[in-house]
Every structure is written in structure tokens, then in C-alpha cells.
Amino acid sequence: MIKEIAKINIAGEKSLFDKVMETLHSLGNVEIAQTKEASQMRGVSATDEYAEKLSKISYKIAQANFAVKFLEREKIKLKKERKKSAKTSLREMILKPKIKITGEGLNELIKSYNWEEIVAECEKIEENINNAENTVKMLEEKISELMKWKGLTVSSRDLEETRSTKTFLSEVTSNTYEKLNLILSSYPLAAFSKAKKNPKTVFILITCNKEIEKPLLEHLNKNNVSKIEIPNLENTPEGEINKLRAMIKKEEEKIKKETEEIKKLIKEEEKIKIISDWLNWGKIKLEISLRALKTDYVFYITAWTAKDSLNNVRKQIKAVSEKILIQEEEIKEDSSQIPVIYKNKNLAEPFEMVTEMYGAPLYNEPDPTPYLAPFFILFFALAITDAMYGIVLAVLAWGAIKFLKIPKENQKLFRIMLYGGITTFIVGALFGGWFGLVLEELPPAIGIPLIKIRMINPMTDTMKFLIFTFILGIIQIIAGISVGMYWKIKHGKILEGIADNGFWILLLLSLSGWAATSSMPAGIYFKIASAISAGLLIATQGRDANNIIMKALKGILSLYNITAYFSDMLSYSRLLALGLATGIIAMVVNIIAGITSNMIPYIGWLVAVIVLIAGHLFNIGINVLGAYIHSSRLQYVEFFPKFMEGGGKSFQPFKRVSRYVKIVN
């Protein structure tokens, strides 16, 4: 059902505008419409003023969001470090329960809480930690470079030259060391000593007279001994490493100190989240306020609300000031511009989600939700056709609602899955689907009762299943045309309803009856009824044409639409394919588990159990997704076009949309 809607105009002194907007925002059941004059009268200065306000509040939102993310991240780090308190409930992980606060508590917090100071502290701490961590990283890189020289007993000072001598360092293998000893012994003006010895290499400190440096280096190079450079250090490499490690320790102390400050700030997380939502509400109010008309003295707001909410809206606005004028206006807009509010009973309400995925109907069209609900849930069940899968799905959906305490406004999908699971259990039992088991192979005490319940075996009665899907298709197609006829007649379009919908219903019923009884004596009656209904369509479908020839021609050509209905009917065969796929995959999982159990000694049974659980869960998941998608597709393509055009405008209430906060009374 679509609620009756009212269009209202609210006018008053400009000084009351902010209070009125806050009241409407708190009510959450009013959509503020764009006032044409507002955009026309808004001058350059007003636009600049708005841009400046928007820029300021956007910056504040960015600050608050930074603090929230910073504190959340650090809180997780601390939990991991403590380990004991790192556990988070499944409900918290999935739903992230909102912070409850009263309206008075919110106002008090806004007045007294210096949140910008907390943000500044978070920024300062993050900067200090980042600087310290970057410094540690740089020092560790330096240590990594120096580790090659660890154990070297010389520094760059030992390599400084004198007026007559030159000192340098070389690296040789242990095998080459003795050879180097012979080379250097031939140079009386050169001396060497071990600076560092590794298992494979030896660092040699060589001192020589400057006069023999060149020939000595040439001789060494011929024997693959080259001069190497070491980092320019005041100390030995090991001394420098120790110095760097001491510096790292200081930086780590800084990080530890800042971490202690974070622990003090974490208790501010909830308050900052409340501020973040409050700032976002302020931004939304600022953006929505541009839709209103404001002069130097008065304001003027145009809004939409449900007819049954109108009295409460009047009452709350009048509570701000009796001087405020509230007037209901006659709706003259095109139906595509009028917001649509759904009103469905408890069982049909979750299926609004299916309608919303397609798009809202026009305001003057029927709400498809209550009509699609029984078809959707039946098609969903037929696409799975396994009773045990239905039980698993229903239990999981019920458990999520019950134990995760999902708010009612977020339960739609879970309730569809719950209804789908229950229906799948019933349909699965009628189709003999029980975890893909072959009922004839079960013990008689179990198998016989299940076989008696079974009405169709998809594996052997495939043609019956296919015909059944066609019958369901015809029923839904006729139901869609019937809804269209009902709606037209209800709105005074009696001739259109009967001629454009009623005669097609008659033809489709007659043809279906003829097809079912073609080999029986009763078939002649359906054949006559088909001819009469076709004649009625020929006589009425060209009624808008100017002359009798065109009327007859258009009437005859209209019968071509029967191919479209036939095509729609064939589309329902997808239910057969989906139902068979679920059963076959389930059987394959069971076969694989059986083979695994027999092939693997000792632990084969354990592997088989894992295969069964994983395989059936996968099958449930993939086929539930397929069932939802294809059941939706049948509604959107085969059902909806029979009675609605779509393209409507969903109701967008001006309300507090929050990420973290829930206002309670």
C-alpha cells in the first residue's frame, strides 16, 4: 500500500527558522521540498555565505572523523596488546551497536564538551608517534648498513693519512690471506694487520709509504685484492651501532609515553562519535535549509508528509510558536514528483526491500509489495527445493534477529530469509529434497514416510516440474494483469480496465484451458471462449483509431502480444534449472564425502564430515543468492510491467541519519 501524502507550506518570522528546522529534523517524518523562488532569489552574497558555512562545518566533520578513526585504531592496538580484553562480541563486530543518549544529554554535551581540544591532542600525539617511528626506522636502517662492519676494530679516523703515509682497508678471503702476506713482505715500506676476521673473509688494515701506494695497489688488484671504503664514523662500527641503539631506545620511550596519553584519551571515543554525528546533522540541516525561501524578515518552507502524520507535524510546529502559519496545499505536481511512502502489514513489509531495489512506483500506481510477496517467496523456495536447506536458512535468519538483536528497521533481509527458509522447508518436503539424499536408499523407517510426503521428484519428474513452473508463470502473469484492471476500475477507467486487461485475462485463461483439455470433450468450450475473447480484443484494442479500417487493423495486430505473454511464461522455467542445480550439487557433495570416507584410512570419516559441512554450506550460500536474484528478476521483468510503469520518487525524510548515535526518550 502507498500512504496518502500531504503537501504543506510553513511560514513565519525568520528568527524562528532554525527552531522550526530543528523540530522537523527531530520529527523525521517530513521531506523538505525545493522552493522554486528560493534558488531564484538567493543572491551571490547568500551563496558565498552558505559556501563559507559549509566549508567550516565540513572541516569540523573531518576533524571529528579523524579523532574517531584515530581512537578506534589505537583502541584495537591496545586490545591486541592486552589480549585478555581483545575479544569482541559477534554482535558488536557485525552491527556496531549505537551509543544511546537522550536529547537533553546531547544538548548538555554540545554545550559543555570541548571536543576540539581532544582533536588537537589526538593530532599532536599522532604527529609525535609518527615522528618517533620514522626516526626509529631511519636509525634501524643505519644499523642494518653498519652490521657488515660490526667487529671491525678501526674507525674512519684510523684511515687518516699523514704527511708520508697512507692507510687503507682491504677485504680478502681466508685462502688469499697467506698470499697477501707474501705480497706485502716484498714491500719493506708497507705494513698490515688484521682489523676483523670472519669465517670466510678477513679485513686487512694496510699502511704504506705514499711513494709505493700506486705500485702496491696495482699489485694487489692483480691478485683480486682491492681497496674498500668504510662509513665515515667517529667510533668503531660497533661503537656507532651501540650509540644508534641508545637513540632508538629514547625514541621508543617517547612512543611509550604517547601511548600512555592515548589510554587517557580512549575514554573520549564515545563523546567524539556523538559530536561527529551531531556535526553531520548540522551539515545536512545547512544543505536542506537552502531549499527554503528566506528573506530579511520571513521564511517559507514547502514540505511533504504522510496524511496521517499531518496533525502531529502541526502540533510540534505550533509548539515552537503559535505565530507560525501551516497550510495544506492542493497537490498539482506530476505523479513522478510526489514522494511515495510505503504502508504494508507485518508479513509484507520486508518485501518493500525487493520493490525498492527496482525503484518506487508512481504515486498514482499500486504498490507492488503485497502482490509480489507470495510469488517471490514461493519462487525462492522452488529455486532451492531442499527441506533441510530451508531449516538451516530459517534457523540462521531467526538466530541473527534473536541473538544479534538486529533493530527492526534493519531486519527486512533477515525476515525475507526467515520466510524463505520456512517456505523452502515445505516445498522441499513436497519435492523430496533432504540434503540431496536419495530417499529410496534410506532406512525404510525414515525413507518411506518422506517418500509418501513427496509429490514431485525433480530428478525423475522433470517434465512435471517444468509444467508446474509454466502454470505458476501463467498465474502470476494473470495476477499482474488483474491488479492493473482493478487499479484502473478503482480510478474510474472502467472501459480501459475491462478492454485492456479483462479481455486479455479471458484470452489467457481460455488458451490455458484449451491447452490443458485439448484431448478432452471440454476442450471445445475453451476453444470457443478463446475465439470470443480474441474477437473482443480485436473489437476494442483499436478504439482510439480514427477510422474503422485502422480500428480493425490495430485490433488484429494487438493479438501479437500473445507472443510476449508466451515469452514471459517460458522465463519461469529458470525455477526448474535452479531447483535441479541445488539438488544435483547436494548429491555430488554427498558422493564426494562417501568416496573420501572410504579412501582415507583412520581419519576418512573426519574428512567426510568436513566435506559435508563445507559443501552443503557452499551450496546453500550460492543457491540462496541465485534464488533471491532470479525471484527478483521474475518480479521486475514479468510481473511489474503488467500494472505499473515505475519511475516514482521515494520519500526522503529530513531526519537524523546517524552512524554512531541513537537518540532515546
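Checked against the criterion of being within 30 Å of the chain's Cα centre (by Cα) and within 30 Å of His25 (Cα to Cα), the candidates Pro653, Pro641 yield just one match: Pro653. The residues of the range 336-354 that are outside any loop (DSSP other than H, G, I, E, B) and of a type in the set (A, V, I, L, M, F, W, C), listed by number, are Val340, Phe351, Met353, Val354.
Within the option set Glu333, Glu409, Glu440, being surrounded by fewer than 21 Cβ atoms within 10 Å (Cβ to Cβ) and within 22 Å of the chain's Cα centre (by Cα) holds for one residue only, Glu409.
For Gln541, the criteria (1) surrounded by 19 or more Cβ atoms within 10 Å (Cβ to Cβ); (2) of a type in the set (S, T, N, Q); (3) in contact (Cβ under 8 Å) with a residue 60 or more places away in the chain hold in every case but one, which is (3).
Residues that are among the basic types (Lys, Arg) and in contact (Cβ under 8 Å) with a residue 60 or more places away in the chain were ranked within the range 608-665; the one that is surrounded by the most Cβ atoms within 10 Å (Cβ to Cβ) is Lys642. Being under 30 Å from Tyr565 (Cα atoms) and among the basic types (Lys, Arg) is a condition met by at least one residue of the range 460-480.
Within the set Ile406, Ile416, Ile422, Ile401, the sole residue that is in contact with a helix residue (DSSP H, G or I) (Cβ under 7 Å, 6 or more places away or on another chain), assigned by TED's automatic domain parsing to the domain that holds Ser632, within 26 Å of Asn346 (Cβ to Cβ) and not in a helix (DSSP H, G or I) turns out to be Ile406.
Consider Ile384 carefully, then state whether it is crowded, with 23+ Cβ neighbours inside 10 Å, among the aliphatic types (A, V, I, L, M), under 28 Å from Ile451 (Cα atoms) and touching a residue at least 12 places away in the same chain (Cβ under 8 Å). Criteria met by Ile384. Hey, any hits in the range 132-154 for a residue that's part of a loop (DSSP other than H, G, I, E, B), surrounded by fewer than 15 Cβ atoms within 10 Å (Cβ to Cβ) and touching a helix residue (DSSP H, G or I) at 6+ places or on another chain (Cβ under 7 Å)? Yes. Ala381 meets the stated requirement of being in a helix (DSSP H, G or I) and closer than 21 Å to Gly480 by Cβ. Listed conditions (1) among the charged types (D, E, K, R); (2) farther than 30 Å from Lys98 by Cβ; (3) crowded, with 16+ Cβ neighbours inside 10 Å; (4) within 34 Å of the chain's Cα centre (by Cα) are all met by Lys294, apart from (4). Scanning the range 185-225 for residues being in a helix (DSSP H, G or I) and under 18 Å from Asp158 (Cβ atoms) gives a total of 2.
Filtering the range 198-223 to residues that are within 14 Å of Leu169 (Cα to Cα) and touching a residue at least 12 places away in the same chain (Cβ under 8 Å) leaves Thr201, Val202, Phe203, Ile204, Leu205, Ile206, Thr207, Cys208, Glu213, Leu216, Leu220. Of the residues Ile391, Ile377, Ile331, the single one that is closer than 30 Å to Lys488 by Cβ and in contact with a Phe, Trp or Tyr (Cβ under 7 Å, 6 or more places away or on another chain) is Ile377.
The values are calculated or read from the model by the stated rules, or taken from the named source; none is laboratory data. Keep in mind it's a predicted model, so treat the numbers as computed, not measured. Please note: Cβ atoms are built from the backbone with ideal geometry, for glycine as well, and neighbour counts cover all protein chains shown.
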